[in-house]
Amino acid sequence: MTAESQLTRLGLFDARVPRYTSYPTAPHFNSSTGPEDFRNWINAIPEGSRISLYLHVPFCRRLCWFCACRTQGTASDEPVRAYVEVLKAELRLLQAELPAGVTLSRLHWGGGTPTLLAPDLMRDLARTVFDVVPMGYGAEFSVEIDPNEIDDARLDALAEAGMNRASIGVQDFDPDIQKAIGRDQSFEVTKLAADKLRARGIRSLNADILFGLPNQTRARISDSVQKLLSLGPDRVALYGYAHVPWMARRQVMIPSDSLPRPEERLRLFETARDLFVADGYDEIGIDHFALPTDGLAIAAREGRLRRNFQGYTDDLAPALIGLGASSISRFPQGYAQNAPSTSAHTKAIREGRFSTAKGHAFAGQDKLRARMIEALMCDFRIDSAEMRASFAVSDAELQEMYALAAREFGGMVTVDAAGLAIPEKGRPLTRMIARCFDAYDLSKAGHSPAV
Ligand SMILES: C[S@@+](CC[C@H](N)C(=O)[O-])C[C@H]1O[C@@H](n2cnc3c(N)ncnc32)[C@H](O)[C@@H]1O
Ligand code: SF4
């Protein structure tokens, strides 16, 4: 049997599975977690420890048709200014609850488009952040950069504020594909943004590109990857385009019949993957590539790779606090998500309370299963000794769980006394194999294609 027909038999090309940036996944959050839990979990952060912070900016100047992110278009600056005031007020609420001496491990501004903030807003927001939680030694400050929505003044403001990593949205360089996804962005514009970031001493550049886009062919993705490689990114995220028009309304602009079939999606991924690997990049988890000198690649080699809402990370801070509308926080006790709409979030903060609308408090085997799934997504293996040392679980219980996966994915997983591993040929199935360790009912969740 060919590798592809084996994958077909195992259902890879029909399945929809979570991307497992959390466990349980966000569709399982519910309203029994609220602002009181969020406050208690912040209060429980040990004095003098390190945390990470995510700030969400839910605005864009342009609304790209392909985008599934929670964001709203705005031509004027007014709502953005008002929103930054809300973020600052939320930071002050956090300050009142945060134990003494806490410093930052990672700060990330995401969206939407954080680069649409005017330079004075960027400075003001950064000043407030560092007044509430100062950067710790070696901390990283990253920002999602839309190359079409950035200029010298804003780059200067970000660099002066201490940004030391930038994540550039590329998607694909092909003009025909860009037209089909409603995102006009020439190679020159992207290159200019990368050059200007480097000129300001930004030592790490990430780029996002997508496979499975309308009208995308292997020749076209090869060309886009070559162009991207000429920019020398330190890290690349190669995401599968998720076509979910029932959730992201603007995707109706993209006709389904222009999309590559699932088998072709896998070939598109492999075409891009081979080019990154040939150029000396390390494969990180299921969809990232990094230069061997990059922190993510080093963490992967040393078994320190982790997965959070932003994807792969080498951040080991136990708490990641998300501020802004719809942001999700992770604590050792569970997850908490802010009100998704900007208006509900704003109302709560203006009334002097956190906007936590739902979440999940860890119970039972949640933490064990979360770590097993994370280990598969990061290292393609579950180490039984680590599980026994970290959780109240016996070898017999572990073997029972592994047997479930082995029954469903025989030949694509190996099980022995050390644990469970996914060999090279089984890697396209990683998210499906991870699902075997998910104890929640997956029928209600709107997931993305397995490939
Ligand atoms: C929230 S966007 C922010 C990027 C920034 N606003 C820009 O346009 O450059 C972050 C990334 O999410 C990814 N993304 C958005 N919609 C997606 C979809 N439908 N499927 C897969 N990835 C998607 C894109 O790769 C994008 O660069
Ligand atoms: S890709 Fe970026 S600019 Fe485009 S709609 Fe999504 S968040 Fe906004």
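The values are calculated or read from the model by the stated rules, or taken from the named source; none is laboratory data. Source: prediction; values computed, not measured. For neighbour counting, all protein chains shown are included, and Cβ atoms are generated from backbone atoms with ideal geometry for every residue, glycine included. Remember, those area values only see protein heavy atoms, side chains included, never the ligands or the DNA or RNA. Shrake-Rupley method; radii C 1.70, N 1.55, O 1.52, S 1.80 Å.
A few comments on the model shown:
- Qualifying position, being within 16 Å of ligand 2 (Cβ to nearest atom), farther than 19 Å from K191 by Cα, open to solvent by 10 Å² or more (accessible area, probe 1.4 Å) and in contact with a strand residue (DSSP E or B) (Cβ under 6 Å, 6 or more places away or on another chain), among G136, G112: G112
- Matching residues, the stretch 146-171, being in contact (Cβ under 8 Å) with a residue 40 or more places away in the chain and near ligand 1 (Cβ under 10 Å from one of its atoms): D146, P147, N148, E149, I150, S167, I168, V170, Q171
- Helices (runs of 4 or more DSSP H) wholly inside the stretch 332-391 containing at least 3 residues that are under 24 Å from R301 (Cα atoms): 366-379, 384-390
- When P332 is tested against (1) under 18 Å from the mean Cα position of the chain (by Cα); (2) open to solvent by 10 Å² or more (accessible area, probe 1.4 Å); (3) over 23 Å from P423 (Cα atoms), just one condition goes unmet, and that condition is (1).
- Residue within the stretch 193-204 that is assigned to a helix (DSSP H, G or I), at pLDDT 95 or above and within 12 Å of ligand 1 (Cβ to nearest atom) present: yes
- First in the stretch 233-251 and farther than 27 Å from I284 by Cβ, second anywhere and within 15 Å of ligand 2 (Cβ to nearest atom) and of a type in the set (F, W, Y), Cβ under 9 Å, 6 or more apart: R250/W65; R250/F66; Q251/W65; Q251/F66
- When F141, F66 are screened for being of a type in the set (F, W, Y), within 16 Å of ligand 1 (Cβ to nearest atom) and either within 19 Å of the chain's Cα centre (by Cα) or open to solvent by 20 Å² or more (accessible area, probe 1.4 Å) (or both), only F66 passes.
- Qualifying positions in the stretch 123-133 - surrounded by fewer than 21 Cβ atoms within 10 Å (Cβ to Cβ) and either in contact with a Lys or Arg (Cβ under 8 Å, 6 or more places away or on another chain) or outside any helix (DSSP H, G or I) (or both): D124, T128, V132
- Test: residue in the stretch 319-332 that is farther than 30 Å from L91 by Cα, at pLDDT 95 or above and β-branched (V, I, T): no
- Within the stretch 86-109, being under 22 Å from T74 (Cβ atoms) and either among the small types (G, A, S) or within 16 Å of ligand 2 (Cβ to nearest atom) (or both) holds for A89, H108, W109.
- A single member of R9, R19, R61, R50 is among the charged types (D, E, K, R) and within 17 Å of the chain's Cα centre (by Cα), and it is R19.
- When residues of the stretch 169-209 are limited to those that are within 30 Å of S256 (Cβ to Cβ), away from ligand 2 (no atom under 15 Å from the Cβ) and not hydrophobic (A, V, I, L, M, F, W, C), the one least open to solvent (accessible area, probe 1.4 Å): D174
- Within the stretch 171-215, the set of residues being over 22 Å from D314 (Cβ atoms) and β-branched (V, I, T) comprises I177, I181, V189, T190.
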